[in-house]
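Let me begin by presenting the structure, written as structure tokens, before commenting on it.
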């Protein structure tokens, strides 16, 4: 790129192309974590399903915490190896949205345990009935849709809406260990597929440039 | 056409250059960007980019911070309010030239 003077048409073209190229470089860094977390969520839910079905104990749900730690470490390692891209409003919104999803789901899970122990102290026969899968599915779907909207990717939004609708339907119809498999559906359709859509769009954009 | 152009505001000469405009287009969309990122996005040579960044910095369109990342030096650039306004005005003027209606 030289320092030559420009026609007005070329000026607008440079502005549009440079902004789009920069936006895509930043988007590329958002695609890989989606694929990573989608795979982790899908694999973990299948593992929990098998262990829960075999042993009959829902305690295997604690593996979600192990998954979060593994995912967190992998995300840091991935960001160190990927092309450095500056932060913009989109990457900040994406980061904060998923960070707060993590905080809300972890906090929600802990609150259920706190409420459970308080109730059991007052009344040993008390039980709390919360459809945790359904609530987390809705929150995950919402965060995914927000991600698609801020990235201006209609295909990602459509994918997330479809994945959330299917997952919610399954969560309402199925109970027990099999219900946990909705996260496998949501992980693949809601995170892995949009991640690949994003990567594909970035690749196409780079080839066109 | 010439008669028509007389009514237009002149384009900011500092921005009306391919590389400086590209640098500003990158910085307008991010909080800050380092020299390596700007170089990779523009495909400019280090020397040329450095000269153009100095010109933008001298006009206070961008601010430049020299820092260290590990043991390596790192030049971070960010757009100033003056630069943001100048860029917006430049785009508006371009629209006038191209007769693009507002909105």
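Between residue A:92 and residue A:66, how many nm apart are label points set 7 Å from Cα along the C-beta direction?
Distance between the two pseudo-spin positions: 3.8 nm.
Using Cβ counts within 10 Å as a stand-in for footprinting exposure, how do A:74, B:77 rank, fewest first? It would help to have the intermediate numbers written out before the result.
Details: A:74 16, B:77 23.
The order, fewest Cβ neighbours first, is A:74, B:77.
When every alpha-carbon pair in the protein assembly as shown is counted, what percent end up more than 31 Å apart? Before the final figure, lay out the partial values.
Details: 22473 of 48516 pairs.
More than 31 Å apart: 46 percent of the Cα pairs in the protein assembly as shown.
Angle check, please: helix A:8-55 long axis (alpha carbons) against the longest principal axis of chain A (alpha carbons), in degrees 0 to 90, nearest 10.
20
Report, to two decimal places, the Cα Rg of the range B:13-94 normalised by 2.2 N^0.38 Å (N = number of residues). Could you put the intermediate results ahead of the total?
Numbers: Rg = 12.2 Å, N = 82, 2.2 N^0.38 = 11.7 Å.
Relative to the rule-of-thumb radius for its length, the range B:13-94 sits at 1.04.
Report, in deg cm²/dmol and to the nearest 500, the calculated mean residue ellipticity at 222 nm for chain B, where each DSSP H run with n ≥ 4 adds -39500 (n - 2.57) and the sum is divided by the residue count. If you can, show how the numbers build up before the last one.
On the way: 5 runs with 54 residues, N = 103.
One gets -16000 deg cm²/dmol as the mean residue ellipticity at 222 nm.
So how do B:18, B:32 line up by other beta-carbon neighbours within 10 Å, fewest first?
On the way: B:18 20, B:32 16.
By the 10 Å Cβ count, ascending, the order reads B:32, B:18.
Over the range A:1-144, what relative contact order in percent results from Cα pairs under 8 Å that are six or more residues apart? The partial results should precede the final answer.
Working: 42 pairs, mean separation 31.5, N = 144.
For the range A:1-144, the relative contact order is 22 percent.
Compute the separation of the alpha-carbon centres of the range B:27-103 and the range A:173-188 and state it in Å as a whole number.
Centre-to-centre distance over Cα atoms comes out at 48 Å.
Per the helix-only calculation at 222 nm, which mean residue ellipticity applies to chain A, given -39500 (n - 2.57) for every DSSP H run of n ≥ 4 and division by its residues, nearest 500 deg cm²/dmol?
When only DSSP H runs of four or more count, the value is -27000 deg cm²/dmol.
Which order do A:103, B:62, A:112 fall in if you start with the one that has the fewest other Cβ atoms within 10 Å? Don't skip to the answer; put the middle values down first.
Numbers: A:103 10, B:62 24, A:112 13.
Ascending Cβ contact count within 10 Å gives the list A:103, A:112, B:62.
Compute the relative contact order of the range B:13-94 as a whole-number percentage, counting only Cα pairs closer than 8 Å that sit 6 or more residues apart in sequence.
Once divided by the residue count of the range B:13-94, the mean separation gives 32 percent.
Just so you know, all these numbers are worked out from the coordinates, no wet-lab data involved. For clarity, every value in this text was computed on a predicted model and none was experimentally measured. Counting neighbours? That spans all protein chains shown, and the Cβs are built from the backbone with ideal geometry, glycine included.
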